[in-house]
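Structure first, commentary second.
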Amino acid sequence: MSRRERDPDTDPGPGGAGAVAEDAEPESPEQCLSLLPWDRFSAWLHCVCVVGFDLELGQAVEKDSAYYYGYVYFRQVRDKSLKRGYFQKSLVLISKLPYVHLFRTMLKQIAPEYFEKSEAFLEAVCSDVDRWPPPVPGKVLQLPIMGVIMKLRIPTYRDKPGTTTPIVQNMHQADAQISVALPTVHEVDLFRCFCPVFFHIQMLWELVLLGEPLVVMAPSPSESSETVLALVRPSVILGVTNPFFAKTLQHWPHIIRIGDIKLPGEVPKQVKVKKLKNLKTLDSKPGVYTSYKPYLNKDEEIVKQLQKERYVASLMPLQKSISPWKSPPQLRQFSQDDFMKTLEKAGPQLTSGLKGDWIGLYRHFLKSPNFDGWFRSRQKEMTQKLEALHLEALCNENLVFWSQKHTEVETVDLVLKLKNKLLQADREHLPVKTDTLKKLQTHINDIILALPDDLQDILLKTGTT
């Protein structure tokens, strides 16, 4: 369960970046002397928790007006020796700062390695955080975390909502060591969050404006919490995933049911507002369940403007479909019919002041050699992105442990494939972080050193194609 409110003392402001960012000023010797151990850590985090699931106890829910934000990385591994059949554990960062994007990025960096190396690694992470500069609004900060440097800017109350910090564009040659540049520290993808209930966003705006209580029901904690965060300051917003709440919270006056995460280019479906009595289980169809009648008529022009999206982006497979033990998934086939359907609902003819046969123009363009060249370029870009994500997935696995469970032939085959991956990344200039390539090379070396001497000699001399 997630709860969304905002603390005036820690609220980062409307978000994004309108003002020009400055580099963070170094602390004076006097400031450094006045700092106690873990003072810098406390400026960013309250604590770090490891949470196990107790089958007998279940989950305990406590409410407190002096709340904190919790950022969770959940891991579930099949284990037949356990009653539930799975080992379940979460790594949780607790903070008073609502920097969703920052802390989720941080968790993606540290959690996979923590589950391999345990408490000693976590202590090293906390020591890194204790060396971070304070989170001063308006400053560009560089935050080191276990060999990765995150560059970001804390927003101020003067920043315009919905804009992001141009950190990536402004990176200089001297910033070559920057591993991750974050354009925002706290914002979520609003369009993706509201895609299942897209045509009711004006009603949701009214409900939030009037402080009406809302329940968001979603299939996963991340989707539930992101949707809650995308809404702003009603009297109460609860985000839930457990089917138990579908029955318990039926008395709530307004409920948003979110389906699975939509593909980047998928067009929202037009669905009617549904009555609360039709919400019986968490398996109910996505939509808004309420008896609320909006005061204002729907602004169709806003809906048309928000629907401007790229069909080609929907050809990209979801990241969760990328497995380190399988080849990268293929891009979906481009369908001219599907593309033309998106134009009917979100094409430029709906918003452009230039009138004419837009549909005819697009049909002609799709048959021209210019389209073929443009599409091949986009296809190559997305394929390289898939290869890069596959490399990252490989790096996050314990490959040495895998090799110990398999034959020498299978292990040699893996080493050769990994070497080819490194060559491909260099040859095709894949969008992969330098640290990822170094980590993969380390995996290769560790696997080779665990093999017999004769195989070591062969593999150390063997190049790749």
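Numbers at a glance
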quantity: Answer residue from segment 137-163, given it is open to solvent by 60 Å² or more (accessible area, probe 1.4 Å) and in a loop (DSSP other than H, G, I, E, B) and is modelled with the lowest pLDDT among those; calculated: 162
quantity: Neighbours by Cβ (under 6 Å, 6+ apart or cross-chain): first from segment 395-410, among the small types (Gly, Ala, Ser); second part of a helix (DSSP H, G or I); calculated: 403/411; 403/447
quantity: Cross-chain or 6+ apart pairs with Cβ under 7 Å, segment 91-111 first and within 20 Å of residue 76 (Cβ to Cβ) and β-branched (Val, Ile, Thr), then at pLDDT below 90 and part of a loop (DSSP other than H, G, I, E, B); calculated: 110/146
quantity: 3 or more residues open to solvent by 70 Å² or more (accessible area, probe 1.4 Å): qualifying helices (runs of 4 or more DSSP H) within segment 392-450; calculated: 408-427, 434-449
quantity: Condition met for residue 380 (surrounded by fewer than 14 Cβ atoms within 10 Å (Cβ to Cβ), within 26 Å of residue 322 (Cα to Cα) and among the basic types (Lys, Arg)); calculated: yes
quantity: Qualifying positions in segment 188-205 - hydrophobic (A, V, I, L, M, F, W, C) and either at pLDDT below 80 or under 20 Å from residue 73 (Cα atoms) (or both); calculated: 188, 190, 191, 193
quantity: Residue count for segment 96-110, restricted to those that are at pLDDT 90 or above and surrounded by fewer than 21 Cβ atoms within 10 Å (Cβ to Cβ); calculated: 1
quantity: Segment 59-95, subset open to solvent by less than 70 Å² (accessible area, probe 1.4 Å) and among the small types (Gly, Ala, Ser), residue modelled with the lowest pLDDT; calculated: 66
quantity: Condition check for residue 208: buried (at least 16 other Cβ atoms within 10 Å of the Cβ), over 30 Å from residue 251 (Cα atoms) and at pLDDT 80 or above; calculated: no
quantity: Selection from segment 71-90 of residues that are assigned to a strand (DSSP E or B) and without any contact (Cβ under 8 Å) to a residue 40 or more places away in the chain; calculated: 71, 73, 76, 77, 78, 86, 87, 88, 89
quantity: When residues of segment 265-298 are limited to those that are β-branched (Val, Ile, Thr) and farther than 23 Å from residue 341 by Cα, the one modelled with the lowest pLDDT; calculated: 281
quantity: Only listed residue being more than 25 Å from the chain's Cα centre (by Cα), modelled with pLDDT under 85, open to solvent by 80 Å² or more (accessible area, probe 1.4 Å) and aliphatic (A, V, I, L, M), chosen from 343, 354; calculated: 354
quantity: Filter result (assigned to a helix (DSSP H, G or I) and either at pLDDT 75 or above or of a type in the set (S, T, N, Q) (or both)) within segment 306-340; calculated: 314, 315, 319, 320, 321, 336, 337, 338, 339, 340
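The values are calculated or read from the model by the stated rules, or taken from the named source; none is laboratory data. Everything numeric in this text was worked out from a predicted model, so none of it was measured. All Cβ positions, even for glycine, are placed from backbone atoms using ideal geometry, and neighbour counts span all protein chains on display. To get the accessible areas, we keep the full protein, side chains included, count just its heavy atoms, and leave off ligands, DNA and RNA. Shrake-Rupley method; radii C 1.70, N 1.55, O 1.52, S 1.80 Å.
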